[in-house]
Every structure is written in C-alpha cells, then in structure tokens.
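The block underneath contains the structure these notes are about, expressed in structure tokens.
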Amino acid sequence: MKKGLVSPKELKELYEKDFALWAELNAQLLREKAYEFVDWENLLEEIEDMGRSKLDACISYLAVIMEHLYKYEHLRHMVYGGRERGGRGWIKSIANSRLAIRSILRRNPSLKVKLPLELESAWEDAKDALRVWLELNGRKAEDFRIPEKCPYTFEQVMEYEPWKK
C-alpha cells in the first residue's frame, strides 16, 4: 500500500463509513510497519472491545442461568403447576449456558477472575428478563418479590441443580 493513498484523516473517517475497509487498511499498514499512518485511537478501542466482548458474552450467559434458576425455584408453579417434570426447557438452557461459559473460560482464562465480579450486573439483566416474562404471562412483576440483590453465589450459578433435590 502506498502510504499517501489514504491520509490519516481519511482513515479515521473510514472507521465510521466503511469499517471493513478501515480494518483492512490498518492491517496492511501494520504489516508494512507504517505505524505513523495507523489509526491508533480507533484501533486500540477495537482491541479493548474485542476483549470485552468475551466477558459480555459470559455475563449474558450468567443472566440466562440466573433467570432460569429463579424461574425453576420460584415461578415454575405458574406454568407447570409444580409438576415434578416441569421446567425441562429451563434446565436445558442452564446446562447449555454453563457449557458456553466453561468453553469461553477455557479459551480466555483471565476471565475466570473477572467473571465472578460481574454477578450483580448479570442479576440486573436477569431481573429485567424475569419482569418481562411475568408480564408476558399476564402477571404484574411488582406482585412478585424478585430480590434486588443477587440471590446466588457464582458457585451456585455454575453448579446448583435444584431439580436434583
């Protein structure tokens, strides 16, 4: 790539207009060791976002696990009348989400320390999902006492199986 083909200003503008081309040009500049032309500000932001995206995925899985654990323990009677076999879909979702988290943690071991610190954040998302689910099932969320603070430890989120009681 000829360094004069795209000015640093044009490269910065490409970030908003054509991300794919922006990434391709920055990669080419890095390969050519033309560091002075690289859009470092946006490149560094993208690198940080890449790392954050794995943590965000795990937080999302935590929220799903807690939502479904909570439904199984406290709201199953609404849908399944408390039947022993009720809630199989929630159990499957919990198992699949746990597998996904373990897979991400295997490939990104530094997240093992960070993820437990995100439990309250994940609980906020789980509470929102619980409220929506209640309303979609014709119930008022305020009629149910969904705890403000997360009722689970990280270990419970990853291991607890109330259906095996």
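The values are calculated or read from the model by the stated rules, or taken from the named source; none is laboratory data. These numbers come from a predicted model, not from an experiment. So basically every Cβ, Gly included, is an ideal-geometry build from the backbone, and we count neighbours across all protein chains shown.
Here are the criteria: (1) modelled with pLDDT of 95 or more; (2) surrounded by 15 or more Cβ atoms within 10 Å (Cβ to Cβ). Tell me which single one Gly87 does not satisfy.
In the conditions (1) modelled with pLDDT of 95 or more; (2) surrounded by 15 or more Cβ atoms within 10 Å (Cβ to Cβ), Gly87 misses (1) alone.
Out of segment 1-60, which residues are in contact with a Phe, Trp or Tyr (Cβ under 8 Å, 6 or more places away or on another chain) and assigned to a helix (DSSP H, G or I)?
Residues satisfying the conditions are Pro8, Leu11, Leu14, Tyr15, Trp22, Leu29, Asn42.
Residue by residue through segment 135-152, note down the ones that are over 16 Å from Leu75 (Cα atoms) and without any contact (Cβ under 8 Å) to a residue 24 or more places away in the chain.
Glu148
Just a yes or no: is a residue in segment 36-43 among the hydrophobic types (A, V, I, L, M, F, W, C) and under 30 Å from Leu117 (Cβ atoms)?
yes
Considering only segment 74-81, I want to know if a residue exists there that is modelled with pLDDT under 95 and of a type in the set (D, E, K, R).
yes
For segment 104-160, enumerate the residues that are assigned to a loop (DSSP other than H, G, I, E, B), touching a helix residue (DSSP H, G or I) at 6+ places or on another chain (Cβ under 7 Å) and under 13 Å from Leu55 (Cβ atoms).
Asn108
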